[in-house]
1. Taking the alpha-carbon centroid of each part, what is the distance from region 44-58 to region 69-89 in angstrom?
2. I'd like the Karplus ³J(HN,Hα) series for region 161-178: coefficients 6.51, -1.76, 1.60, θ = phi - 60°, whole numbers in Hz, and an x wherever there's a Gly or Pro.
3. Quote the relative contact order of region 85-216 in percent (integer), defining contacts as alpha-carbon pairs under 8 Å separated by 6+ residues.
4. Mind listing the long-range amide H neighbours of Asn61? Cut-off is under 5 Å, sequence gap 5 or more, other chains count too, H placed in the peptide plane at 1.01 Å from N.
5. Please give the calculated 222 nm ellipticity per residue for the chain, where each DSSP H segment of at least 4 residues contributes -39500 (n - 2.57) and the sum is spread over every residue; nearest 500 deg cm²/dmol?
6. Straight-line reach from Lys113: which aspartates and glutamates have Cα under 18 Å away, leaving out those fewer than 8 places along the same chain?
7. Quick check: the angle from helix 218-229's long axis to the longest principal axis of the chain, C-alpha only, nearest 10 degrees?
8. Take peptides 121-131, 95-105 and line them up by average Cβ neighbours within 10 Å, highest first, as a rough protection proxy.
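Computed from the coordinates by the stated procedures, all read-outs in this text should not be read as laboratory data. Remember, predicted model here, so these are calculated numbers, not experimental data. Neighbour counts run over all protein chains shown; Cβ positions are idealised from the backbone, glycine included.
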Amino acid sequence: SSPRQQEPDYTGWHVLISAGGTREPLDPVRFLGNRSSGKQGFALAARAAARGALVKVVSANVSLPVPEGVEVIPVGTALEMQAAVEAQVGWADLVIMAAAVADFRPAAYAGSKIKKTHDPADPDAAPVIELVRNPDILAGLVQARGPAPRPVIVGFAAETGDADHSVLRLGEEKLARKGCDLLVVNEVGVDKTFGSDENTVHILRKVGAPVAAGPAGKDVIADAILDAARPLMG
Ligand code: CTP
Ligand code: CA
C-alpha cells in the first residue's frame, strides 16, 4: 500500500529520528553489528517530512536514498550516536529512537588486525572478546527530560518472545522500564522485519490501549506511529 494523502499536521514541528544499526569496531576490519536496515527509520523520516515536519536523522550504517527534505547526520558506533542525539535533542519536539543500538561494544579496540594465530604458544586457540556495556541513549533522554513535556520520546523494541513471555508482555514491561511516551514493538526473527519492506507492530502507550498496525509497508507503519505521537505534542 502507498502512503495516504495527509494533512500537513506536523508543520513547524522538529522531529529527530535515529535509524539503522550501530557497528562496534573490534579491529580495523571487523565489527559487531546487527541486522537493522534503517528502512523503518527512513520511512518515518520521509513521512514526517511529507507531513510538514523539519526532520533530522542520526543514521548508523544505512545504505538507502535520503528522503526529500531530510537532513542526515551519519554515525558509526553507539557512542557516536549518543553524542549526535544529545547534540540535537534540544532542537527536537519529538524524538523517535528507531535505531538498533548495540548494547555492548568490545572492551578494547585492536589497532591492527587480529590474526588467526594470536597466541604463538597455542596456535589453535581462539581469542576471547571482552565486551562492555554501551550507554542506553533512550533512557538517558528520558532521564534528562525529567518532568518537562518536551520532547515527546518514542522507543522501539525488537522482541523475539521466549518460552515464558509473549512479545506484547515484554513490550509492556519495557515501556514501563524505559519511561518513554510510546513504545513501538515488533516481533523479529531472521525472516521477519529486518530488511523487509513490510512490518507489523504494536504501538504501546503510557496512557491508553495499544494500537496495532500492519502487516503493511513501512511507510504505512510510519504514519501510524506519527498519528499516535501527534496528540502528545500539544
Ligand atoms: N536503545 C538505546 N540505547 C541502547 C540500546 C537501546 O537508545 N544502548 C533504544 C533503542 O533505540 C530502542 C529502545 O532503546 O528505541 C529499546 O531497545 P531494545 O534493544 O529493545 O531495549 P534494551 O533496553 O536494550 O533491552 P534488550 O535488548 O535487553 O531487550
Ligand atoms: Ca538492546
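1. Spelled out, the Cα-based centre of one part sits 15 Å from the other.
2. Values per residue, Gly and Pro as x: x, 8, 4, 9, 9, 6, 4, 5, 4, 4, x, 4, 5, 5, 4, 5, 5, 7 Hz.
3. On the way: 182 pairs, mean separation 25.6, N = 132.
With pairs under 8 Å counted, the relative contact order is 19 percent.
4. The answer is Val75.
5. Numbers: 5 runs with 56 residues, N = 234.
Per the formula, -7500 deg cm²/dmol.
6. Answer for Lys113, where 18 Å is the Cα cut-off: Glu24, Asp27, Asp124, Glu130, listed by chain and number.
7. Tilt of helix 218-229: around 60 degrees.
8. On the way: 121-131: 9.3, 95-105: 23.8.
Put in order of decreasing packing, that is 95-105, 121-131.
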